1. Does region B:363-373 include one or more residues that are more than 20 Å from B:Gly91 (Cα to Cα) and under 20 Å from the mean Cα position of the chain (by Cα)?
2. Could you give me the residue pairs with C-beta distances under 6 Å whose first residue belongs to region A:15-40 and is modelled with pLDDT under 65, whose second residue is part of a loop (DSSP other than H, G, I, E, B) wherever it lies, and which are 6+ apart or on separate chains?
3. Tell me, which residue of region B:109-135 that is closer than 20 Å to B:Leu344 by Cα and away from chain A (no Cβ under 14 Å) is surrounded by the fewest Cβ atoms within 10 Å (Cβ to Cβ)?
4. Filter region A:125-145 for residues that are of a type in the set (Ser, Thr, Tyr) and not in a helix (DSSP H, G or I); which is nearest to A:Val32 (Cα to Cα)?
5. From the set of residues in region B:191-228 that are part of a loop (DSSP other than H, G, I, E, B) and surrounded by 24 or more Cβ atoms within 10 Å (Cβ to Cβ), which is farthest from the other protein chains (Cβ to nearest Cβ)?
6. Within region B:398-429, can you find the residues that are part of a loop (DSSP other than H, G, I, E, B) and crowded, with 17+ Cβ neighbours inside 10 Å?
7. Step by step: first the residues of region B:167-190, then only those that are within 12 Å of chain A (Cβ to nearest Cβ) and among the β-branched types (Val, Ile, Thr), then the one that is surrounded by the fewest Cβ atoms within 10 Å (Cβ to Cβ). Which residue is that?
8. Quick check: anything in region B:136-156 touching a residue at least 40 places away in the same chain (Cβ under 8 Å), within 14 Å of chain A (Cβ to nearest Cβ) and of a type outside the set (Asp, Glu)?
Amino acid sequence: MPSALALRPADVRVVDVPPAAQDGFDWTDAAVLAGTEAIADGPLSAAAPGIDRGTYPLDILGRFGSVGALGVHLDRHGARLGLSIAAMQAASRACGATGFLMWCHDVCGLYMEQSGNPSLTGARLDDHAAGRSFGGTALSNPMKAFAGIEPILLRARRVPGGYRVSGMLPWVSHIGPGQYCGAIAGVTGPGDTISHEIMFLLACDRAELRPCPPFSGMEGTSTWGVRVDDLFVGQDEIIADPARPFIGRIRGAFILLQCGMGLGVAEGSLDAMLAVEETLGHVNQFLDDRPDTIAAELAELRARVMRLAETPYDGATDYLIDVLDARAQTSELALRASQSALLHQGARGYLMSAAPQRRIREAHFVAIVTPALKHLRWEMARLSRETLPTAEGGRA
Amino acid sequence: MSDLAPADGLGPWQQFLCRACGLIYDEGEGDPDSGLPPGTRFADIPEDWACPICGVTKADFEPYRRRAPVAPMPVSVAPQRRPGVVIVGGGISGWSVAEAIRAEDARVPITLVTACDGGLYHKPELSVALGRGLNPEALRRETGDAAAARLGLRLMADTVAVGLSLERHSLRTTRGTLAYTHLVLAHGARPALPACLDPALCWRVNDLAAWSALHAELARGPRTVAVIGAGMVGCELAEDLARAGHAVTLVGAGSLPLPDLLPEPAGRRLLTGLEGLGVRYRGNSLVSGLSRTPDGLTTLALADGTRLSAATVIAATGLATPSRLVRGAGLAFDHGIVVDPASLRTSGPDIFALGDCISLDGQPCRFIEPVAHQAAVIAHAILGREHAGYAHAAPVIRLKTRSAPIALHGAPVAGAPWYVVEDSEHRLAMEQRQGGAVTAWLAA
C-alpha cells in the first residue's frame, strides 16, 4: 500500500497563491461572494467533468481560499456561516465534488479554531483559512458512533505526554501528502472499555493512505483509507479531550455547513431545466417537479438555512432538530431536482459529458454522505423521544 | 365487545359515553369491578353507581352510537400518490378525527402520523389503572394496525413530524415527506419537566408507552414511590399507587394539595382522603434536584435542605405543548396552537388542530370531553359539509380520587375567594361569585 510519504514525490502539488491572497485583502460579504462566483462560473465549471473523473482541484480550492470562501465561517473572520454556505452553494452549482471539498476544509478549520489550542489556532489556521494549506475531516465514523449507529474505529491509549492511536478508517476525503484531517479515537482503559474519546489533528504524512476502490463519481475528492499504527498524538495536536462536549458544541455548525452542497446541486439542476425550457418546454410541462416548483422550494429552504446560520452554536435540542430537518430537506430537494433536470434534458442530459447525469450522482452523494438522509431521520427521531428512566439510565 | 348475546328482547346491547372522561359503558360488558355483570342494561344500573374511571354518576352519561361501519378500503403499503388528509398524532384526538371523517366519507385518503405505536387506549384510565390491577394489554383497546385497517387509512407509526411547509402543503417526517390537502394537528402536549429534575431519574405518565414502562418497574413488588407535584395528575397517581400497595410520598409546593385549583376546605378534604389511603403528603416543598444513590434509590433534594429517598420517582409537573413544528412554520402559538374557537382552524391554510395541543384565547384545555365535538367540526369542514361549529364550554373538572372525589364546575379563577355553601361531614359545596353571579362551584 502506498503511504503518504511514498506518494509525495510523484503527486505533491504546489499551490500557487496569488499575491492578493495574502493578508489584508477584501473579505467583505459582497467581495467574497463575487470572487467565489467568478471562480465557480469560470474555471470550476470548465474543470467539473475532470474533477468528477479524478482531478483533485487543489489549485481551484486555493483560489477559493484567497477570495475568502474557505475562511469566513470562522470566528476570526466574523463567524459568517451564511456567507460560507452561500459560497459553497455557488461552487456546488458548478461542481458538487468541489462543494464537498469546501465543506471538508471548512469544518477542519472549525475544529482548529474551536479547539482553542494555541498550536492549532495561530499561523496554521491562518494558512488553512486562506487556502494555503489543506485538510479535511475523518468524523464520519465517530459521528455515527456517537449516534449509536456503529462502533468507533480508532482506539487510543494514554502514554506519557499524550496518546498512542491505532486503527483504520475506510474513507477520508480532502487529504493527501502534506495535508491533515480532524479525527476522533476512543480511549481504552483496562478491559478494553472506552472511557472517553479524544479529537486530534491527524497529519497524513504520519499515516498510511490506502487507495479506495473507484467510486461512481466525484473521484476528485482525494478520498483514501487511513491507517494509523501506534501513532503518537501529543498536546500540540489535540483538538478536544474529551471530544464529546466539543462535538456537541460544533455539531449544529458542522451539519448546517453541509447544506451548501445540496442547495448548489439543486440550483445547478434548476439551471439545467431552465436551459432547455425554450426548446423543450412544450413537452416538459408534463413532468413533475417543474422549474417553478423547484425554485420555490429552493428559495424557501435557502432562506431557512440562512436564518439557522445566524446562531450556529445554539445548544438547544429544538435548534439541532431544525438543522437536521433543513439538512435532510437539502438531500431530498437535490435528489428530486437532479432527477427532474435529467428528465427535462432528455437524451442530451444522459450524455457522459452532460452535467445532469453527473448531478444525479452528486445528489445521491449529498444524501448518503454522513450524516446521510437516513441518519438524519434516525437522529431526529432519537432527539424527539422523551428521556425516561431505564435500568441503565438515560435515553434508550 | 361482549360475546354475550342479548336475550331480553330489548334489542342489541347499547353503549353509553361518559361525558366527563370519555369512558364507554357497554351493556354487553357491564362493569364487573363495580358489581354490574355483563348484560346489565344501562336503565337497570343503580342511581348510586359511578363511572369507574372518573366517578361521575349515571346522569353524566349519554347514549353513544358506534359510528356506522364503513367498508374498509384496502390500504396500500406504498405511499399514496394522491394527497389527502394528514393527521399528526395517534392519541384520542388524532383517532377521533379519523373516525369522524370516515363516518361521513369512505374514500378520502387519510394518513395518520404518530410518534408512538398508534395503539388506541383511553388516556384518563392511566391515572387509575394501577389500583385496578390493569396491565398494558388490558388498557390497549385496539392496535394501531387494526384501527388503520378498520378505518382504511395509512398509519405511519413511530414517525415524528419534523417540518411543515405551508405554501407547498407538505409535512416532513422522519419517514419521508407527505403532501396534504388538509392537515390536522393532534399531537398533544408533553410533560414540562423543570430543568432541576433529571429526566433519566423520574417517570412522567402522559402516554401508554411511558405508563407501561413504569408499570413494569412497579410490577416487581411494593416499593417506595415519590410523586413530585400535587396537581390533578399528581394527586390521582398518588392515590392510584397507594391503592396498588406502594408506599407513596406526595411532594407539593403548597401546604395542601391542588392549591391553585381548590380552596382550603376542599384541599383539606382531599388531603384527608389521600392520607386515609396511606399517602404521606410532604407540603410546602420544592424539589431542587435528583440523584441516584449507590443502592439504586433516587434521592430528592428539597429546597429547605432536607432529603427524601424513594425507589421510584414520578414527576407530575404539568404539560406544555411542543412548539417547534408549528412555530417553525410560522403558525400562531400562544401556550398552544392558536385556533379559531368555532372552526378550530389554525392561522395556516387548510390546517386544523384539536385536543391537548391547542389554546383557546391563550388557554390550553387539556380535557377529554371536548375532543369528540372538536373532531366532528374538523371532519365536516374538511369534507365541505355544514356544521354548527364548535362551542367551547369549560368542561367539568373531576378529580379521579375516589378517596375524596371532587368536581369543579364553571370557570374557577385561581386566587379569587370561595364561599362555603354547605360544609357537612359528607359533603362540601363552595362557589365563586363575580358581580352577584356564580361563576364556579365545587362539590367535594
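The values are calculated or read from the model by the stated rules, or taken from the named source; none is laboratory data. Keep in mind that what you see is a predicted model, and the values were worked out from it rather than measured. Every residue, glycine as well, gets a Cβ built from its backbone with ideal geometry; the counts of neighbours run over all protein chains shown.
1. Yes.
2. Matching pairs, first to second residue: A:Val17/A:Arg132; A:Ala21/A:Ala130.
3. First, pick out the residues of region B:109-135 that are closer than 20 Å to B:Leu344 by Cα: B:110-113.
With the extra rule that they be away from chain A (no Cβ under 14 Å), the set shrinks to B:110-112.
Values: B:Ile110: 26, B:Thr111: 24, B:Leu112: 27.
The residue in question is B:Thr111.
4. Step one: of region A:125-145, the residues of a type in the set (Ser, Thr, Tyr) are A:133, A:137, A:140.
Now restrict to residues that are not in a helix (DSSP H, G or I): A:133, A:137.
On the way: A:Ser133: 19, A:Thr137: 24 Å.
Step by step, filter region A:125-145, then rank; the result is A:Ser133.
5. Let us first name the residues in region B:191-228 that are part of a loop (DSSP other than H, G, I, E, B), namely B:192-202, B:204-207, B:219-223.
Cutting the leftovers down to surrounded by 24 or more Cβ atoms within 10 Å (Cβ to Cβ) gives us B:202, B:204-205.
Details: B:Cys202: 7, B:Arg204: 7, B:Val205: 10 Å.
Looking at residues that are part of a loop (DSSP other than H, G, I, E, B) and surrounded by 24 or more Cβ atoms within 10 Å (Cβ to Cβ), I get B:Val205.
6. Initial filter on region B:398-429 (part of a loop (DSSP other than H, G, I, E, B)): B:400-405, B:411-418, B:424-427.
Once the filter is applied, which keeps residues that are part of a loop (DSSP other than H, G, I, E, B) and crowded, with 17+ Cβ neighbours inside 10 Å, region B:398-429 yields B:Lys400, B:Thr401, B:Arg402, B:Ser403, B:Ala404, B:Pro405, B:Pro412, B:Trp418.
7. Checking each candidate, the answer is B:Thr177.
8. Kept after step one, since they are touching a residue at least 40 places away in the same chain (Cβ under 8 Å), are these residues of region B:136-156: B:136, B:139-140, B:144, B:147-156.
With within 14 Å of chain A (Cβ to nearest Cβ) added as a condition, the list becomes B:156.
Still in the list and also of a type outside the set (Asp, Glu): B:156.
The answer is yes; a qualifying residue exists.
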